[in-house]
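**Student:** Before I ask anything, let me first share the structure, which is written out below as structure tokens.
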Amino acid sequence: MLKNWRILTATLVPISASAIITVTSVSVIHGPKLKTLLLIQKLSKFQKQYKTIYDKRDKEVSALKTKYQDIDAQVKKLVTRKDEINEQLKTSPNDAALQAELEAVNKEIEKTQKEYNKFKKEHDDLFLKNVSLGLNLKRIFTPLGTTYDNIEKMRKENKMTKSLWNAAYKEVEIVRNNYEAWLLKEYKDI
């Protein structure tokens, strides 16, 4: 009895692309072909999940960068105003209004500088975490994409034998082991 099994897997080379693999035969249900394809599918879901986290975090990093750059522009305007007041105080050093304005500008600079430092630190921390996540995703999942591409190429040429499926499964298992090791080591930092 022949059944068609459709398994969706991400191709992983262009991360958003997906392919449909048709498995046709009951004998492969327990064989290395289905095991390999199911593991690729499972790992593809994990990759997609963390790619979503990466993309979301990338937007947050951009928003924080814009925020701290806007605050930096405010600080520069305040410093310019402070310099202008200091120049005016050189000509009239006893002007109480100028001294009060200078004191207010200094307080505003201090407050704005604290805001700037806060957003800059948040940006830098999140940026480094995201770079680490991106590099790990690439390191872990690029071999999966390569293996999948090789499987597709061999499958189209009708050259995928049981031993090649077993070899492909071992390659995919290595990806899974690397992924699990990475999760154990860095999950709290994700």
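Rule-based calculations on the coordinates, nothing more; no lab input. Quick caveat, the model's predicted, so the values are computed rather than measured. All Cβ positions, glycine included, derive from the backbone under ideal geometry; neighbour counts span all protein chains shown.
**Student:** In sequence order, what are the phi-derived ³J(HN,Hα) couplings for the range 112-127 according to the Karplus relation 6.51 cos²θ - 1.76 cosθ + 1.60 with θ = phi - 60°, rounded to whole Hz, with x for glycine and proline?
**Tutor:** 5, 5, 5, 4, 4, 4, 4, 5, 5, 5, 4, 4, 4, 5, 5, 4
**Student:** Can you give the Kirkwood hydrodynamic radius of the range 45-173 from its Cα pairs, in Å with one decimal?
**Tutor:** 19.6 Å
**Student:** Hey, how many Å between the Cα centroid of the range 32-71 and the Cα centroid of the range 98-154?
**Tutor:** Cα centroid of the range 32-71 versus Cα centroid of the range 98-154: 15 Å apart.
**Student:** For Ser62 and Lys111, what does the FRET efficiency come to when R0 = 25 Å and r is the distance between their Cβ atoms, rounded to the nearest 0.05?
**Tutor:** 0.50
**Student:** Once R0 is set to 41 Å, what does the formula 1/(1 + (r/R0)^6) return for the Cβ-Cβ distance between Lys45 and Lys77, expressed as a FRET efficiency to the nearest 0.05?
**Tutor:** Efficiency computed from Cβ-Cβ geometry: 0.25.
**Student:** Per residue of the range 52-57, in order, report the coupling 6.51 cos²θ - 1.76 cosθ + 1.60 (Karplus, θ = phi - 60°) as ³J(HN,Hα) in whole Hz, putting x for Gly and Pro.
**Tutor:** Computed from phi, the couplings for the range 52-57 are 4, 4, 4, 5, 4, 5 Hz.
**Student:** Sorting check: for 63-74, 86-97, which peptide has the highest mean count of neighbouring beta carbons within 10 Å, and how do the rest follow?
**Tutor:** In decreasing order of mean packing, 63-74, 86-97 become 63-74, 86-97.
**Student:** Each residue of the range 137-152 in turn: what ³J(HN,Hα) in whole Hz from Karplus with 6.51, -1.76, 1.60 and θ = phi - 60°, glycine and Pro shown as x?
**Tutor:** Each residue of the range 137-152 in turn: 4, 5, 4, 7, 9, 4, x, 5, x, 5, 4, 4, 4, 5, 4, 4 Hz.
**Student:** Can you tell me what the convex hull of the Cα atoms of the range 119-174 projects to on average, as an area in nm²?
**Tutor:** If you wrap the Cα atoms of the range 119-174 in a convex hull and average its projections, you get 4.5 nm².
**Student:** 5 Å is the cut-off here: which amide hydrogens, built 1.01 Å from N in the peptide plane, fall below it relative to Gly31, excluding neighbours closer than 5 in sequence?
**Tutor:** Long-range HN contacts for Gly31: none found.
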